[in-house]
Number of protein chains: 2
Amino acid sequence: MKRIAFLLIAVATVAGVVAFTAPASGHADEAASPIASPIYGVKIPAGYRDWKLIAVDQLLIPGMADQLRAQFGNDLAIKAFKEGTLPFPDGAIIAATHWTRVPSENNNEVLDGPFPGAQSFVVGSPVNVQFMVKDSKKYAATGGWGFADFKDGKPGDKALHETCFPCHRPAKDRDYVFTRYAPAP
Amino acid sequence: MKRIAFLLIAVATVAGVVAFTAPASGHADEAASPIASPIYGVKIPAGYRDWKLIAVDQLLIPGMADQLRAQFGNDLAIKAFKEGTLPFPDGAIIAATHWTRVPSENNNEVLDGPFPGAQSFVVGSPVNVQFMVKDSKKYAATGGWGFADFKDGKPGDKALHETCFPCHRPAKDRDYVFTRYAPAP
């Protein structure tokens, strides 16, 4: 059973990661997706790419994933992050966007003179986007969160979405949210 | 002379990078900075941390800098990025925020079961923030851009700011802007 749980987490975390396919024409955030995620019924919120930034991060799984990532929040989520409100209020939505990480030859050419060995990495292709939608009643069985994972505007399957909550469970003391707000420099 | 130019670029690029001091209390974006950058007279625009995201990137200079970065744009800048408008219109502002990159032990604990060797890196401490402000008349001598580099809410010195434009010159065909817009997954 433990092995199966691990496998499920594995599938969830890497979902969309190993497929380096070109993005679909048009951007997924230009309109709400007509297709909802299985189990949770979460659609792509229109305009999420223009939401305020929570934080950025990097994930490296040798041979499987090499990503730069950004998390966005709607106004309710951002307010909760800034004020340290836990649990997040109903209506809060967090979007996690994942791109491939690629070296920037342009930047490295500029940097190489003064900084031999300098390495600049930038965003490559879009990989997938994940959402967490807070509704403490509707999603009471999963910590009050509904989950969704989209690639090229299409949600992953039921098996994939069964892995979301178990993976987030270790962050229970922060209302199942791993990301922390990145302060302004 | 070439060596001096390189040194200046070096200073500019790494400015604030090697100092891992704790951030000043309060965030630099909560109010416009009362202090303007030398040469250009650019102040910290209030609320820039809440601007829309242009892209994210990573910079590694072994032994000197290890950063996760995000670029924000005001509405004029974001519109120009989305529509591919060059040159950027007067009034466009780009903010480049730099944080230290640190491994996330929390995330790695969760990932380690299914993905031995997985490495998650997150934002550590704020390092510095840089601004480019477009005013084609006021800043005609520097490609139409005014520059600023702030650490803990205070601008760097004149020598530092003399390095901004020479470093951006190689990106002349993109109106001196290195960053490209990261599309929504």
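Can you list the helices (runs of 4 or more DSSP H) found entirely within segment A:74-185 that contain at least 3 residues being surrounded by 14 or more Cβ atoms within 10 Å (Cβ to Cβ)?
Those helices (runs of 4 or more DSSP H) span A:75-83, A:105-112, A:164-168.
Assess whether B:Pro38 counts as being within 21 Å of A:Asp75 (Cα to Cα), assigned to a loop (DSSP other than H, G, I, E, B) and not aliphatic (A, V, I, L, M).
So B:Pro38 does not fit the description; no.
May I ask you to say which residue of A:Asp50, A:Asp57 is surrounded by fewer than 23 Cβ atoms within 10 Å (Cβ to Cβ), out of contact with any His (no Cβ under 9 Å at 6 or more places or on another chain), within 8 Å of chain B (Cβ to nearest Cβ) and not hydrophobic (A, V, I, L, M, F, W, C)?
A:Asp50
Out of (1) assigned to a loop (DSSP other than H, G, I, E, B); (2) modelled with pLDDT of 95 or more, the odd one out for B:Ala31 is which?
Answer for B:Ala31: the failing condition is (2).
Report whether or not B:Asp149 is in contact with a helix residue (DSSP H, G or I) (Cβ under 7 Å, 6 or more places away or on another chain) and either of a type outside the set (S, T, N, Q) or modelled with pLDDT under 95 (or both).
So B:Asp149 passes the test.
Check B:Pro166, B:Pro126 and return the single one that is within 9 Å of chain A (Cβ to nearest Cβ) and more than 30 Å from A:Ala46 (Cβ to Cβ).
Every option except B:Pro126 fails the conditions.
Restricting attention to segment B:51-75, report how many residues are more than 14 Å from B:Phe178 (Cα to Cα) and either free of Cβ contacts under 8 Å to residues at least 40 places away in the same chain or in contact with an Asp or Glu (Cβ under 6 Å, 6 or more places away or on another chain) (or both).
Total satisfying the criteria: 7.
Got at least one residue in segment B:54-75 being on the phi > 0 side of the Ramachandran plot and in contact with a helix residue (DSSP H, G or I) (Cβ under 7 Å, 6 or more places away or on another chain)?
Scanning segment B:54-75, I find no residue that is on the phi > 0 side of the Ramachandran plot and in contact with a helix residue (DSSP H, G or I) (Cβ under 7 Å, 6 or more places away or on another chain), so the answer is no.
Checking the condition open to solvent by 10 Å² or more (accessible area, probe 1.4 Å), of a type outside the set (D, E, K, R), at pLDDT 95 or above and closer than 22 Å to B:Leu60 by Cα, which residue from A:Gln67, A:Gln71 passes?
Just a single option satisfies the conditions, and that option is A:Gln71.
Can you confirm whether segment B:111-133 contains a residue that is farther than 21 Å from A:Glu109 by Cβ, modelled with pLDDT under 95 and of a type in the set (D, E, K, R)?
yes
The values are calculated or read from the model by the stated rules, or taken from the named source; none is laboratory data. None of the values given here were measured: they were computed from a predicted structure. Cβ atoms come from the backbone with ideal geometry, glycine included; neighbour counts cover every protein chain shown. Just so you know, the surface numbers come from the protein's heavy atoms only, side chains and all, with ligands and any DNA or RNA stripped out. Shrake-Rupley method; radii C 1.70, N 1.55, O 1.52, S 1.80 Å.
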